[in-house]
Every structure is written in structure tokens, then in C-alpha cells.
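Below: the structure, in C-alpha cells.
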Amino acid sequence: MSKKKYLITGGGGFIGSALVKRLVEAGHGVRVLDDGSRGGQERLAAVRDDIEYVAGDVRDGQMVLAAARGVEAVCHLAFVNGTENFYHRPEVVLDVGVRGMINVLDGCRYNGVGELILASSSEVYQTPPAVPTDEKVELSIPDVRNPRYSYAGGKIISEIMAIHYGRKFFERVLIFRPHNVYGPAMGFEHVVPQFIVRMQRLIETSGAGEVIRFGIQGTGEETRAFVFIDDFVDGLMRVLEKGEHLGIYNIGTTEEITIKQAALEVAEYFGRRIEIEPGAAAAGGTRRRCPDINKLMALGYRPRYLFKQGLALTAQWYVENACEATVV
């Protein structure tokens, strides 16, 4: 992989910062554009002297134009993530998603940037007709009134724009669809850290050996295939190295587990027994999600972490870095 100068929008986020570190490790030049809303410079402390950091909002067109100057490739990850945000701030999710994508395309074209890499999402599949799900499945929005779909809608719009601008204005456009990435320092808006932090708090208020009642959304039989952050970045680097122009790639694992099993694994990490209490499912959630990763595996990708292994590393971080965040 030849050395390049990259602009990473959203490079201070969970996935963005992991990519930045890997690119620096591989000898690439990196400039980050980030507004600091999801951690920003704290996640990049280890490589702060090796990168350019631009504090700014991807919705600021002039800021994006300036940030894209002098780079050879743009990895566009800036987006508002987290299901709590989808339900409670859909207008912001869409504003950042759509306005940000337009500004990135304009910034690339104005500065003659030949390569664009877009972060999409497994959310674009919604309720897929087949599981594992490959990249050719039709994308849809089941109900435009449901705020959850603000995220998937923004991602679908971004994909369409990337593909069709890509045909005319870019030498290479790549789209990757992450599937339930987790790991240390990922924030508190996702199921894995929420389970970990809530379990820790329940343990603090329960007696030794007491069975803990642990509530979840849905029946617990809903499934996900969680991918540990290190495996995810391995897959993304494969896409950057070998991905084909206008190619779309799932990044994840095929270890599909139920949400109930995920909760039980968290309890096992803490050495406690729990009683699962099913609850109302979130409107718009999907029953099963697991990617077909054959396309990525053809590029040489091989995930290394089972959920139990990645969970132990993740839980350890959250235990050691407990904070006062409100977790549901």
C-alpha cells in the first residue's frame, strides 16, 4: 500500500481514532477534522504529535474545503452515531449526515482529491430478507416517520451520492458498512458498554451471590454479530489496500449471538448470575443482523476475536474508567 496523505473526518470518534492510529502506524500522513463531540483529541493522545488536528464541524463548508487541501484521499466518518441519538435528535443526525456529505464531495472536487472512502452502516439493511446479509441486498426505509431511520436514511443518501459522484469525479470511491463494532472507549450510547456499566452498578447495590435481575429491550432472542475494534480496523485496512472502485464492503464477523447471550457473557465476566427480564422492543429495531463477509475475506480479511475475548478487553476498560454517565 503506497503512502498517502489522508483526511479523516470524524477522526476523533471511536472508529475514526482507531483508523487514524493504524494509518499513522503504517506510515501514512494524517489530518483529522473533528468537532470533539465524541471524544476528539483524548482518543488521539498517543499520536497527537504525528497528525494534524483541525477542530471543526463537517457542516461548515469552508472548513471542509480548507481541510481537504493537499490530501490524496478522504475517509469520511463524521456522523452522529448511537441509537439514543437516532431517537432523540434525528434532525441533527440528518443535518450532519447529509450536509456533511455534500461538503465533503465539494471539498474533494475543489481540491482535486481523487479518492473517497465512505463509512456507511449495517443499519441500511434494516430487516434484511436473508441472514447472513451480503452487500447486494436492497436498501429500504420502512417508515419515514420513525426517528430511528434518520441514521439509515442519511447513510443511504450518502452512499447514493458517493456512487454517482464517484462515477464522474473520482478515481476511486469505496464504501464500507460496519456491523456492530465494539471495544474500549467506545462511548455509552451502545448496547455493549451499556450492559457493562449497568451490570457494574447493579453489582454495587446487590448482595454477594444474589441473582441480579437484568432488564433488556425486546425478548433477548434478537441477534447481532459484534466485531471487536481491532478486527474491524484490520478489515478496513484491507478495503483501503485492495478495494475496487465503487466497491461496497461489509466489515464484521459471522459470530451471530442473541442479545440475551451478550448479557449473560457480561454477567459471566463479573462472576455473577442474572435473571433476564425482557422488555418492550425499541421501535424500528431489527430481529437479526449478521453480515456475509465473503467479499471482504476475498481481500484477505480474517477476524481474530471471539465475542467473549473482545468483551473481556472492553469490560476491563470500562471498569477501570468508570464515570458518571447516565446509562439506560
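Laboratory data are not the source of any read-out in this text; all were calculated from the coordinates shown. Quick caveat, the model's predicted, so the values are computed rather than measured. Cβ atoms come from the backbone with ideal geometry, glycine included; neighbour counts cover every protein chain shown.
Observations
- In the chain, helices alone account for a calculated mean residue ellipticity at 222 nm of -11000 deg cm²/dmol, with every DSSP H run of four or more residues adding -39,500 (n - 2.57).
- Region 198-328: relative contact order in percent, alpha carbon pairs under 8 Å with at least 6 residues between: 39
- Cα centroid separation - region 118-157 against region 244-288, whole Å: 17
- Per-residue Cβ neighbour rank within 10 angstrom, fewest leading, 273, 43: 273, 43
- As a rough footprinting exposure proxy, the listed residues 156, 175 were ranked by other beta carbons within 10 Å of their own, and the order from fewest upward is 156, 175.
- Length-normalised contact order of region 247-301 in % [C-alpha pairs under 8 Å, at least 6 apart]: 63
- Positive-end residue of 37, 6, 284, charge dipole of the chain with Cβ unit charges: 6
- Note on the chain: dipole from Cβ charges, positive end direction compared against 97, 250, 113; the farthest Cα belongs to 113.
- Counting lysine pairs in the chain that sit 8 or more residues apart in sequence, or on different chains, and whose Cα atoms lie under 16 Å apart gives 9.
- Cα gyration tensor category, rounded, prolate or oblate, for region 105-160 with a/c compared to 1.5: oblate
- Residues 197, 211, 124, sorted so that the one with the fewest Cβ neighbours within 10 Å comes first: 211, 197, 124
- Its Kirkwood hydrodynamic radius, worked out from the mean inverse distance over all distinct Cα pairs, puts region 157-247 at 16.8 Å.
- Taking every C-alpha pair closer than 8 Å and separated by at least 6 residues, the mean separation divided by the residue count of the chain gives a relative contact order of 17 percent.
- The value for the chain of Rg(Cα) / (2.2 N^0.38 Å) is 0.98.
- Shape category assigned to region 1-86 from the gyration tensor of Cα positions, a/c cut at 1.5: oblate
- The eigenvalues of the Cα gyration tensor, multiplied by 5 and square-rooted, give region 221-311 an equivalent ellipsoid with semi-axes of 30, 17, 8 Å from largest to smallest.
- Equivalent-ellipsoid semi-axes of region 112-212, from the Cα gyration tensor, Å, largest first: 38, 17, 12
- For residue 74, the residues whose amide H sits under 5 Å from its own are 7, 115, 116, 117, ignoring neighbours fewer than 5 places away on the same chain, with H placed 1.01 Å from N.
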